[in-house]
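As structure tokens, the structure follows; a few thoughts come after it.
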Protein chains: 2
Amino acid sequence: MSPKITTELLKQLRQVMKNPKYVQEPVQAYIVPSGDAHQSEYIAPCDCRRAFISGFDGSAGTAIVTEQHAAMWTDGRYFLQAAHQMDNNWTLMKMGLKDTPTQEDWLVSVLPEGSKVGVDPFIIPADQWKRMSKVLRSAGHDLVPVKENLINTIWTDCPQRPCKPLITLDLSYTGVSWRDKIVALRSKMAERKVMWFVVTALDEVAWLFNLRGSDVEYNPVFFAYAVIGMNTIRLFIDGDRIMDPAVREHLQLDSTLEPEFKIQVMPYGSILSELQAVGAGLSPKEKVWLSDKASYALTETVPKAYRYLTPYTPICIAKAVKNAAETEGMRRAHIKDAVALCELFNWLEKEVPKGTVTEIIAADKAEEFRSQQKDFVELSFATISSTGPNGAIIHYKPVPETNRTLSVNEIYLLDSGAQYKDGTTDVTRTMHFGTPSAYEKECFTYVLKGHIAVSAAIFPNGTKGHLLDSFARSALWDCGLDYLHGTGHGVGSFLNVHEGPCGISYKTFADEPLEAGMIVSDEPGYYEDGSFGIRIENVVLVIPAETKYNFKNRGSLTFEPLTLVPIQTKMIDVNLLTEKECNWVNEYHQKCREVVGAELERQGRHEALRWLLRETESLARVQ
Amino acid sequence: MSPKITTELLKQLRQVMKNPKYVQEPVQAYIVPSGDAHQSEYIAPCDCRRAFISGFDGSAGTAIVTEQHAAMWTDGRYFLQAAHQMDNNWTLMKMGLKDTPTQEDWLVSVLPEGSKVGVDPFIIPADQWKRMSKVLRSAGHDLVPVKENLINTIWTDCPQRPCKPLITLDLSYTGVSWRDKIVALRSKMAERKVMWFVVTALDEVAWLFNLRGSDVEYNPVFFAYAVIGMNTIRLFIDGDRIMDPAVREHLQLDSTLEPEFKIQVMPYGSILSELQAVGAGLSPKEKVWLSDKASYALTETVPKAYRYLTPYTPICIAKAVKNAAETEGMRRAHIKDAVALCELFNWLEKEVPKGTVTEIIAADKAEEFRSQQKDFVELSFATISSTGPNGAIIHYKPVPETNRTLSVNEIYLLDSGAQYKDGTTDVTRTMHFGTPSAYEKECFTYVLKGHIAVSAAIFPNGTKGHLLDSFARSALWDCGLDYLHGTGHGVGSFLNVHEGPCGISYKTFADEPLEAGMIVSDEPGYYEDGSFGIRIENVVLVIPAETKYNFKNRGSLTFEPLTLVPIQTKMIDVNLLTEKECNWVNEYHQKCREVVGAELERQGRHEALRWLLRETESLARVQ
């Protein structure tokens, strides 16, 4: 991977930062956040402005360019990747390390007195605007909204915003109609005494209307906003796609409906003026509910006194708790996904020794096997197919320049997943196709112990996910090891592979309590720069747990793995496992055999079935 | 315990809430927080206003009185106690339960439109004022400072503010002179570019000047403020105590000193006007550093643009990391404390079967044995001496009405500690003087497993204490049990038994990372209302840990128990312990034998020594 040469681009950007055509007054710094106008994690090519200006294309990062400096903040998953992709014009700011300044503090330390710091108000979330502008103001600087995105002014070949056809989901997939979702939402609004709710996150719009799209790769969403009143529904969406008869019928656009369920379709670009009109018409006590992560531009449209901001919207919270139809769909999706991976690993075992399988070939083969499964739509994220030292780059994606050949001498890490119409998958397995070293097995086994500690944890109702994070690290910590990422994230149901409001991380303090029906990943790891990476990831469903006692009648929860793919026993040092851990592995493999075995049989995939049976033989502990 | 009858008092309070002599406009609600003007947890009798108005005298709680309602917010430690101590005029608001409203939300729900909510600006911390006033304002109400404390206006026999003599501590106790502490503080101030630092917490004043007092029971502090400039030191303190020659010499009040170390002594009550003068004389960029928990009254004195507020002050952080002299002192104090407890438990074992020992007698006996030890000053908190169902009242203190006789049929829980000139102790042991039931042993063993899980935890440098909290609960959670309090708190060195900025709790999100030299408690428990309480508490020192590997060169930490008192093996179900846990208990008891045994021998306490040897015999697991 050679870095992007950005000298000329930065020169152009610094010119437009002073150009009165775009800025009222020159800005001494310009912030380029990752997101789009919906604060999406995964973004469309037209929104990859930070990658365009810097070369660094990881999923998280913020660039700030001043007259003298260009700096990039990103987290531990991307330290290596960012260092590889950026040229010498850029300084890497490693978030999470003690000595790394925040963006605000850094700006204060480098800017001349009384500076203006510009940012696109559609791209910056309101909560971040507030935090930054407060610090900057108290140091004598100003955060200013720059209407025209300055990257767009220099990005001559910027791609068009996508506008692809929509997919409608019927009740067998969603379990609840969009009308019933609107009813539930309005009841939450009434509870909080708000009159309007603005849906800004793309997955929330998709979930609310039981629609899916493909405007953003890997995320089955489409560019849209919605504004829900107590008696009105406005959907802001562009293109012919709303003319599709299936979509019109699904949304009942041409039926005679009670007025409160009549959807008014408006152009995507009219959200700002419509919201301004809503804001202007408000009487006292008519609040407007927005996520505090909605863009500063939209938030500012609603007069401050009328804003009701929360970190998680009622849609985000409702969406996280999967109903029976969704849970069953997720189960089906994970069985199909396991079938594809059994095929893949069986194939890899035969092919890797020949020295012809590269990371990219392996990733493509995984996609090929997945695409053979029913209701397959696309991948749920860019496949991380990494061998040897590439495995230590936590969010690695193989490209021709880095593409390494799998061998019997290196650990192979595959983190991959797919979107099926009935569910979203995300699974990581770490394999060795030769003979792992004692040290590799030792590290793998610590990671496995952490994985089991979370997966088998029993905890009271009302527990927040971050309280489970240390369970995943304890075995590693005992030996002085650790990993620089969280342990788990919420997973959508045929939606974004990363979703709030729950998760398992030492960093997440604003997570909502885990509830039965929520789905998260469990993915501890261990990474040795320059050598190898290990990660073991299952998607797990929060379920009620039976316990001997029941303190204060609170009830307990635990996890049920939805992912049913063998964990390579060759990599396990059985003597490091407790009896309980050993039993967990054996029971897990027994379930893989039964459930995935039956599906392999049904699909007539006999060779993969033999591979599964071999890989799920019982571990025996030496007593 | 019979509740305090508050009908008449509430009537009087509601009258003064409308009396123009005290309030500019009538207030529809009046808030009575726990604290004093220094936001102390333990307060002098003259500051026990919340207990006076409600009867509830636990260490944490906030009362709010409106024209119609009287409500008390407190946490899980005090639900039972508050319910016992308050009459029917009061509604108990159980903090931490899902359906309990916050004070602000409750006020909004009960107040008529456009209400005024009054509070003493000296008693409410600035951060809490900010939060409350924001919510109230957005609901159309106003939080207003009421200069004269309204409780004081109806509290006819309110005691005088104490003003007791000071104790000076020399270098052998403190390790660092007050001058060197001032130098270090000024260097932290320079780092943050602040010109003034206002010391508002009583333990911070005491620590900074290496002085102790006895104005507040259990906490060796004295009423004072300090304002430290880059070239000036002002100490605000009342009474003749500053005329004591030892104090004058300690503070070098009569010596010729460099002006920047010359302490100006001023009356306690002049802090507000002096701070106003400081505030008025500020030029741009001359910031004043205050804790964000300093009183609203003091914080308001500094113009907003000049305030530099942090959750933890540099003194709080420096004070938490004990130096070698302090650590050695803490070790000595804990050995003496263990001697006293060996004597006590030996005595209880003989006396309890006679049926003559009450909770109060046991508590008094504990104090008697402690007072025989060198450098004993006072207790470090009200002894929790509780048997049977009283043990389930987490912060129980025996009073004649509740005083229960210890017996061979009930569990006895003793949570006690002392202030010695060389250190502060806090230890809980749970004992049975007859034959515990299998269920009692089972619960005790889960608590012990949690205690060991924290005490033996190895974790990376930079880890915050709250990440360890779940380790203490895991064994209980597995069986559906839990406890409704945090797992540990910071402990001062001959200072407050509860101190920031570190701790181990599921609730604490603003804790600072643990560092070698910090001292915290490790005290999981289990409580069954109406039956019994179990808690096992040691004070532990954070120390570097040796690990097999050293990821990113971060280094690891673990804990060394300073408390060296046997854990009753009779209460342990050995078969529930892992081999590692069993070894931990045996090694811990071996250390108690060696260290405390030698001191018992030295003090000629042979009977207690025999008790110690018997109580520390090795556990043997049935394989």
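The table below gives the values:
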quantity	calculated
Answer residue from segment A:558-576, given it is within 14 Å of chain B (Cβ to nearest Cβ) and crowded, with 20+ Cβ neighbours inside 10 Å and is farthest from residue B:576 (Cα to Cα) among those	A:559
Output for segment B:228-249, where each listed residue is surrounded by 13 or more Cβ atoms within 10 Å (Cβ to Cβ) and not in a strand (DSSP E or B)	B:230, B:232, B:238, B:239, B:241, B:242, B:244, B:247, B:248
Any chance residue A:9 is at pLDDT 95 or above and open to solvent by 10 Å² or more (accessible area, probe 1.4 Å)	yes
Out of A:349, A:328, sole residue that is charged (D, E, K, R), out of contact with any Phe, Trp or Tyr (no Cβ under 7 Å at 6 or more places or on another chain) and part of a helix (DSSP H, G or I)	A:328
Any hit, segment B:608-623, residues being within 14 Å of another protein chain (Cβ to nearest Cβ) and in contact with a Pro (Cβ under 9 Å, 6 or more places away or on another chain)	no
Members of segment A:84-111 found to be farther than 19 Å from residue A:33 by Cβ and at pLDDT below 95, listed by number	A:84, A:97, A:98, A:99, A:109
Complete set of residues in segment A:477-495 that are of a type outside the set (Ser, Thr, Tyr), in a loop (DSSP other than H, G, I, E, B) and either within 8 Å of another protein chain (Cβ to nearest Cβ) or under 30 Å from residue B:458 (Cβ atoms) (or both)	A:479, A:480, A:481, A:482, A:484, A:485, A:486
Top-ranked residue in segment A:97-110 [being assigned to a loop (DSSP other than H, G, I, E, B) and open to solvent by 80 Å² or more (accessible area, probe 1.4 Å); ranked as farthest from the other protein chains (Cβ to nearest Cβ)]	A:99
Of all residues in segment B:293-310 being within 14 Å of another protein chain (Cβ to nearest Cβ) and open to solvent by 20 Å² or more (accessible area, probe 1.4 Å), the one that is farthest from residue B:201 (Cα to Cα)	B:305
Breaking point among (1) in a loop (DSSP other than H, G, I, E, B); (2) within 13 Å of chain A (Cβ to nearest Cβ); (3) out of contact with any Leu (no Cβ under 6 Å at 6 or more places or on another chain); (4) not aliphatic (A, V, I, L, M), for residue B:552	(1)
Pick from segment B:445-455, criterion of a type in the set (A, V, I, L, M, F, W, C) and closer than 29 Å to residue B:554 by Cα, ranking: farthest from the other protein chains (Cβ to nearest Cβ)	B:452
Single residue of segment A:496-522 satisfying the filter (part of a loop (DSSP other than H, G, I, E, B) and touching a Lys or Arg at 6+ places or on another chain (Cβ under 6 Å)) that is nearest to residue B:466 (Cα to Cα)	A:511
Single match in B:458, B:504 (criterion: open to solvent by less than 10 Å² (accessible area, probe 1.4 Å), of a type in the set (A, V, I, L, M) and either within 20 Å of the chain's Cα centre (by Cα) or within 9 Å of another protein chain (Cβ to nearest Cβ) (or both))	B:504
Conditions (1) under 29 Å from residue A:381 (Cβ atoms); (2) of a type in the set (S, T, N, Q); (3) open to solvent by 50 Å² or more (accessible area, probe 1.4 Å); (4) at pLDDT 95 or above: number failed by residue A:74	(3)
Some residue of segment A:206-221 being assigned to a helix (DSSP H, G or I) and free of Cβ contacts under 8 Å to residues at least 60 places away in the same chain	yes
Qualifying residue in segment A:271-289 (condition: open to solvent by 30 Å² or more (accessible area, probe 1.4 Å) and aromatic (Phe, Trp, Tyr))	no
Counted residues, segment A:414-455 - those being out of contact with any helix residue (DSSP H, G or I) (no Cβ under 7 Å at 6 or more places or on another chain), open to solvent by 10 Å² or more (accessible area, probe 1.4 Å) and assigned to a loop (DSSP other than H, G, I, E, B)	3
Any hit, segment A:434-444, residues being at pLDDT 95 or above, closer than 21 Å to residue A:367 by Cβ and either out of contact with any Leu (no Cβ under 7 Å at 6 or more places or on another chain) or more than 14 Å from chain B (Cβ to nearest Cβ) (or both)	no
Filter pass, residue A:161 being closer than 22 Å to residue A:61 by Cα and open to solvent by 50 Å² or more (accessible area, probe 1.4 Å)	yes
Residue check, residue B:421 among the charged types (D, E, K, R) and within 19 Å of the chain's Cα centre (by Cα)	yes
Options B:203, B:180, B:238, B:215; residue that is in contact with a Gly (Cβ under 9 Å, 6 or more places away or on another chain) and closer than 24 Å to residue B:500 by Cα	B:203
Count - residues of segment B:388-413 that are among the β-branched types (Val, Ile, Thr) and buried (at least 20 other Cβ atoms within 10 Å of the Cβ)	3
Hey, residue B:96 at positive phi and touching a residue at least 60 places away in the same chain (Cβ under 8 Å) or not	yes
Filtered residues of segment B:507-521 (kept if within 14 Å of another protein chain (Cβ to nearest Cβ) and not aliphatic (A, V, I, L, M))	B:507, B:508, B:509, B:511, B:512, B:513, B:515
Single match in A:470, A:474 (criterion: of a type in the set (Gly, Ala, Ser), under 24 Å from the mean Cα position of the chain (by Cα), at the interface with chain B (Cβ under 8 Å from one of its Cβ atoms) and assigned to a helix (DSSP H, G or I))	A:470
Selection count, segment A:179-205, where residues are part of a loop (DSSP other than H, G, I, E, B) and either out of contact with any His (no Cβ under 9 Å at 6 or more places or on another chain) or surrounded by fewer than 19 Cβ atoms within 10 Å (Cβ to Cβ) (or both)	2
Any chance residue A:521 is more than 24 Å from residue B:446 (Cβ to Cβ), of a type in the set (Gly, Ala, Ser) and either in contact (Cβ under 8 Å) with a residue 60 or more places away in the chain or open to solvent by 10 Å² or more (accessible area, probe 1.4 Å) (or both)	yes
Selection status of residue B:30, among the aromatic types (Phe, Trp, Tyr) and open to solvent by 40 Å² or more (accessible area, probe 1.4 Å)	no
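The values are calculated or read from the model by the stated rules, or taken from the named source; none is laboratory data. Every value quoted in this text rests on a predicted model; they were computed, and no experiment measured them. Reconstructed Cβ throughout: ideal geometry from the backbone, glycine too, with neighbour counts over all protein chains shown. Just so you know, the surface numbers come from the protein's heavy atoms only, side chains and all, with ligands and any DNA or RNA stripped out. Shrake-Rupley method; radii C 1.70, N 1.55, O 1.52, S 1.80 Å.
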